[in-house]
Each structure stands twice: as structure tokens, then as C-alpha cells.
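Report on the following structure.
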Amino acid sequence: MATVQVSEAEKVYILHGIRDDLRVDGRGCEDYRHMEIETDVVSNTDGSAKVTLGHTAVLVGVKADIGKPRPMVPNEGYFEFFVDCSANATPEFEGRGGEELGTELSNTLYKVFNNKHSVDLKSLCISAGEHCWVLYVDVLLLQCDGNLYDAISVAIKAALFNTKIPRVHISADEEGVKEIELSDDPYDCMRLNVENVPCIVTLCKVGHRHVVDATLQEKACSVASLIISVTHKGTVTCTRKVGGGSLDPESIFEMTEAGKRVGKALHAPLMKLLQQEESLGKTRQKVGFLG
């Protein structure tokens with residue numbers, strides 16, 4: 001994870017501000033930085049999205065491919081995650097510096113998203129035990145200024161909302177051998193129901209309080225963080241503690257309740273924004289590096 005050096009005087013300033021619910025950039029303890037979301041940004045994918053959260057930028061592409069179902073769940077498709085930490089994001093990712101973080105992020109994303117409670121994996125099944133859709137989710141970190149998990153989860157949800165999977169037609173020849181045909185019509189496609197796809201909320205313990213969407217400076221003052229994935233109903237689907245410090249039971253309870261509250265409030269405006277952007281079709285204005 002990208003880190004910054006913070007002096008003792010800066011730590012005291014940040015700690016006192018958070019204690020009074022006033023952070024360095026003027027936000028409250030449970031406020032996110034300004035977030036920008038763009039969908040359908042990569043032409044050779046089935047779905048894509050770019051999310052900018054403060055100075056953290058993430059690009060996600062989803063590619064659907066036909067594979068074989070896993071033996072334990074022959075009637076379900078599945079996800080594969082790959083996270084690439086660009087050396088442009090921070091000098092710490094140069095060479096093989098970002099590999100460990102990429103693996104850690106991939107493992108967490110797999111636990112959060114690759115389950116039947118997040119996405120209807122049965123809808124990805126083509127022929128039970130024989131063929132299914134495998135969704136390859138590639139995440140590229142373009143800039144790193146803290147709170148990677150939250151930005152990545154929002155980008156994945158936006159990319160899955162944007163994903164269009166070709167309709168499949170199965171036919172059998174005279175010998176009974178099944179043949180799979182993909183529709184050539186770009187409008188004859190299947191869309192994923194992303195309503196239950198969770199968003200990740202990362203809460204950092206700073207002093208005696210906790211903050212949402214911590215910057216690198218605030219992260220340097222934090223002893224430990226709690227990563228919580230929350231659905232639109234406020235249900236917690238996954239929790240994980242990161243950092244070298246410890247968290248007492250009371251702090252964990254308070255951080256979990258705050259994560260549920262913040263995560264639930266995040267879903268409605270996100271879905272509204274995605275639906276509005278899609279309704280614009282090709283008339284929407286390209287912004288950011290697409291302009």
C-alpha cells in the first residue's frame with residue numbers, strides 16, 4: 001500500500017481535527033471526497049467503468065468468456081479478478097512492488113463479489129455442468145491517494161451494471177452434439193442485476209474516532225482499519241481487519257454500525273447516477289481523459 005511520511009506535528013493536527021469532527025480538507029468523519037464515475041470507457045470490453053475518488057483513480061474492465069463450470073457448483077458461472085497496480089500510481093509500485101498489494105486486493109474482491117448473495121451466478125450458467133459464463137474483472141490502479149477498496153468496489157459495481165453479455169442459443173446436430181451460437185445483435189444481450197452487489201466501506205481508526213475515505217495522510221495516523229462490504233439494504237456480507245494495530249470490541253461495533261449506515265446511503269445515489277448516464281446513450285458528454 002502506498003504510504004506517506006507525516007511529522008509528529010502533522011499527526012497531532014490531524015488527530016485533533018478528527019476528534020472535533022473536522023478533517024484537514026473540511027469533511028466530517030463519515031463524508032466521502034468528491035467522486036466521479038464514467039461507464040463504457042473501454043471499447044474492447046463487455047463492460048467498463050472509471051472511478052475517481054479524490055486523487056485516487058481506478059479503471060475496471062469486464063470481459064465475458066465461455067468456460068466450464070466448477071465441479072462443486074455445476075449450474076453457476078463465476079468471477080475471476082486481477083488487479084494491476086500501475087507504477088504511475090506511486091513509485092512504490094515500480095518493478096514488482098505492487099504485486100503483493102494486487103494479490104491482497106484480488107483475494108478480498110473474490111470474497112466480496114464471487115458469491116450467490118452478490119450476483120445471481122446461476123444466470124451465468126449456459127448448460128449445467130458443461131458451459132457457463134466466466135466474468136474476468138480486470139482492475140487497474142491509475143492513481144493512489146488512499147481508500148483503494150471503496151473506489152474499486154464502486155468501479156466494479158458500475159462496470160457490472162454496464163456489462164452486456166451476448167445472448168446464447170444452443171442447438172443440437174443430428175448426432176446430438178450441442179452447438180453454441182452467440183447473437184450478433186448488440187442489443188440482443190443479457191444484463192446483470194447488480195442491485196445486491198455490495199459496496200466496500202473502509203473505516204480507519206484514528207485516535208479515539210474512526211473516519212471514512214481516509215487520505216494517505218490520515219492513513220499514516222491510523223492504527224488499524226476495518227473493511228466492510230455492505231448491500232443496499234445495509235446487510236454486511238464481509239468484514240476484514242487490516243493494519244498492525246488492534247481494535248477493541250466497542251470500536252468494532254461502532255465502526256460496523258457506521259459502515260452499514262454509510263454503505264447503505266451510498267447505493268441509492270450510485271444506482272440513480274448509473275441509470276441516468278445510461279439513459280443518455282451516445283449523446284452523453286465524454287469527460288476526463290475521454291474528452
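The values are calculated or read from the model by the stated rules, or taken from the named source; none is laboratory data. These figures come from a predicted structure and were not determined experimentally. Backbone-built Cβ (ideal geometry, glycine too); neighbour counts: all protein chains shown. These accessible areas exclude ligands, DNA and RNA; they are computed on the full protein's heavy atoms, side chains included. Shrake-Rupley method; radii C 1.70, N 1.55, O 1.52, S 1.80 Å.
Data for the structure
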read-out	value
Considering residues of segment 119-152 that are out of contact with any Ser or Thr (no Cβ under 7 Å at 6 or more places or on another chain) and of a type in the set (Ser, Thr, Tyr) only, the residue nearest to Val51 (Cα to Cα)	Tyr136
Residue ranges of strands (runs of 3 or more DSSP E) in segment 183-291 with at least 1 members within 22 Å of Leu160 (Cβ to Cβ), modelled with pLDDT under 90 and open to solvent by 10 Å² or more (accessible area, probe 1.4 Å)	189-191, 236-242
Positions within segment 9-55 being part of a loop (DSSP other than H, G, I, E, B), open to solvent by less than 20 Å² (accessible area, probe 1.4 Å) and touching a Gly at 6+ places or on another chain (Cβ under 8 Å), in sequence order	Arg23
Any strands (runs of 3 or more DSSP E) falling wholly within segment 91-179 and containing at least 1 residues that are open to solvent by 40 Å² or more (accessible area, probe 1.4 Å), of a type in the set (S, T, N, Q) and more than 22 Å from Pro198 (Cα to Cα)	131-143, 168-172
Criterion (β-branched (Val, Ile, Thr) and surrounded by fewer than 21 Cβ atoms within 10 Å (Cβ to Cβ)) met by exactly one of Val58, Val73	Val73
